[in-house]
Amino acid sequence: MGKACGPDRLSAEHLRYAHPSLIVHLKLLFGLMFLHGFVPDEFGSGIIVPLIKDKSGNMNDTHDQES
């Protein structure tokens, strides 16, 4: 809740406040994916946002400082 949308532009609020029939359709979708052993490539895509922990350090340095 209150989080950014993914690449599909859907948020948790879309699912939470959707019509109850969405549950039936999602159950059918995932059941058929399991039955046929096929998952669309788009289901594996996401967005990774790096979070800077130490803002006083070099933000372009990608190496772990503890190593």
- Residues of segment 3-42 satisfying the condition of being surrounded by 10 or more Cβ atoms within 10 Å (Cβ to Cβ), in a loop (DSSP other than H, G, I, E, B) and aliphatic (A, V, I, L, M): L10, A18, V39
- Message: Test of understanding: among G57, G44, G31, which residue is under 21 Å from the mean Cα position of the chain (by Cα) and modelled with pLDDT under 85?
- Response: G44
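The values are calculated or read from the model by the stated rules, or taken from the named source; none is laboratory data. Note that this is a predicted model, so its numbers are computed, not measured. Glycine also receives a Cβ, built like all others from the backbone with ideal geometry; neighbour counts cover every protein chain displayed.
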